Amino acid sequence: MPTVLITGGTGMIGTSLSRHLLNQGYDVIILSRNPIETASVYRTTSPQNSFRPSGKIFYARWDIEKNIIDSQALAQADYIVHLAGEGVAKKRWTKKRKEEIRQSRTKSSELLYHCLCTQPNKVKAIISASAIGWYGPDKANGKPFTEENPSADDFLGQTCKAWEESIDKVQTLNKRLVKLRLGIALSNEGGALAEFKKPVRAGVAAILGSGDQVVSWIHIDDLCRAFIHAIETPEMQGVYNLVAPEVTTNKELALGIAKSMNGQFFVPLKVPSLVLKLVLGEMSIEVLKSATVDSTKLQQTGFNFIYPKVGSALKHLIG
């Protein structure tokens with residue numbers, strides 16, 4: 001089976017994608033600044049009973065600041081999955097933090113391009129993550145966002161634009177490029193679902209703002225399957241929205257999680273927009289934003305969602 005080189009492979013998405021790839025017989029190389037330490041942590045924390053891997057996993061060094069990628073790792077790769085980037089929601093958006101978020105994406109893309117130019121390789125395609133942060137809030141016309149819509153003028157919109165433009169250059173090397181704009185990933189291993197669960201453990205379903213804002217989401221298994229689908233579908237090229245066919249709202253998601261965890265034993269509690277703005281600062285714009293994103297283009301490539309509705313996704317994730 002082919003070998004897939006992953007940047008950002010130690011995060012929530014990268015870890016889950018690695019398992020899916022291994023389970024299907026791919027060999028996986030994870031790039032890390034400390035490959036020996038990363039290998040040790042992965043073996044300790046990775047669920048051992050969730051699958052029976054038939055592929056092999058390796059760890060190799062890269063350093064964005066020093067412009068280094070292990071040349072042997074690159075030479076072995078048939079495909080690259082590019083996930084690297086600082087977590088958008090980890091810290092408050094100060095001027096410094098916003099620059100870290102942007103540069104972690106653009107610099108890593110530029111390093112990949114440089115090494116693909118200068119080092120021998122057999123890479124056929126690069127599957128690069130982007131995000132639906134590309135789009136601004138829903139328009140008054142009520143139409144969902146498609147891949148043809150321009151980027152928003154806000155921080156995330158311009159960050160996603162710079163991110164995608166920074167990886168576009170690999171196409172000049174005759175490499176197939178697929179850019180997947182990810183929605184809110186629902187996973188038991190972190191991310192948005194973990195944040196929604198926190199107040200539920202105290203018996204509260206936290207509804208943010210009005211709760212009517214549309215959330216374009218995706219189950220982590222469908223997300224990983226879509227990346228593999230992009231690897232295995234030579235006709236795929238360009239941008240695709242990676243969201244479930246059926247959107248939900250913040251209120252529906254919060255109440256659905258609470259019911260799955262606690263049955264009827266919880267209290268719905270609205271968190272006012274003003275409080276969110278005070279606590280989160282500029283990041284509150286994204287929490288309160290309604291963004292309806294369409295995934296028809298991805299489905300037209302033959303991809304089928306296992307979890308098209310949020311109810312089935314929560315039933316699988318929470319039970």
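Kindly indicate the residue of the stretch 171-198 that is in contact with a helix residue (DSSP H, G or I) (Cβ under 8 Å, 6 or more places away or on another chain) and assigned to a helix (DSSP H, G or I) and also surrounded by the most Cβ atoms within 10 Å (Cβ to Cβ) among those meeting that condition. The selected residue is 193. Here residue 297 meets each of (1) touching an Asp or Glu at 6+ places or on another chain (Cβ under 8 Å); (2) buried (at least 19 other Cβ atoms within 10 Å of the Cβ); (3) not hydroxyl-bearing (Ser, Thr, Tyr); (4) not in a strand (DSSP E or B) with one exception, condition (2). State yes or no: is residue 97 in a helix (DSSP H, G or I) and crowded, with 24+ Cβ neighbours inside 10 Å? Spelling it out, it is not the case that residue 97 is in a helix (DSSP H, G or I) and crowded, with 24+ Cβ neighbours inside 10 Å. Screening 281, 302, 319 for residues that are touching a residue at least 24 places away in the same chain (Cβ under 8 Å), under 27 Å from residue 148 (Cβ atoms) and exposed (fewer than 14 other Cβ atoms within 10 Å of the Cβ) leaves exactly one candidate, 302. Within the stretch 57-64, identify whether any single residue is of a type in the set (D, E, K, R), assigned to a loop (DSSP other than H, G, I, E, B) and surrounded by 13 or more Cβ atoms within 10 Å (Cβ to Cβ), and answer yes or no. No, that holds for no residue. For the stretch 123-156, filtered to residues that are small (Gly, Ala, Ser) and surrounded by fewer than 18 Cβ atoms within 10 Å (Cβ to Cβ), the residue that is farthest from residue 2 (Cα to Cα) is 140. Of the residues making up the stretch 206-222, at least one is touching a helix residue (DSSP H, G or I) at 6+ places or on another chain (Cβ under 7 Å) and assigned to a helix (DSSP H, G or I). Evaluate the following for residue 232: is it of a type in the set (Asp, Glu), on the phi < 0 side of the Ramachandran plot and without any contact (Cβ under 8 Å) to a residue 40 or more places away in the chain? In short, yes.
Taken over the stretch 114-157, the criterion of being in contact (Cβ under 8 Å) with a residue 40 or more places away in the chain, in a helix (DSSP H, G or I), farther than 12 Å from residue 293 by Cβ and of a type outside the set (A, V, I, L, M, F, W, C) is satisfied by 114 alone.
Laboratory data are not the source of any read-out in this text; all were calculated from the coordinates shown. In this text, all values refer to a predicted model and were calculated from it rather than measured experimentally. Cβ atoms come from the backbone with ideal geometry, glycine included; neighbour counts cover every protein chain shown.
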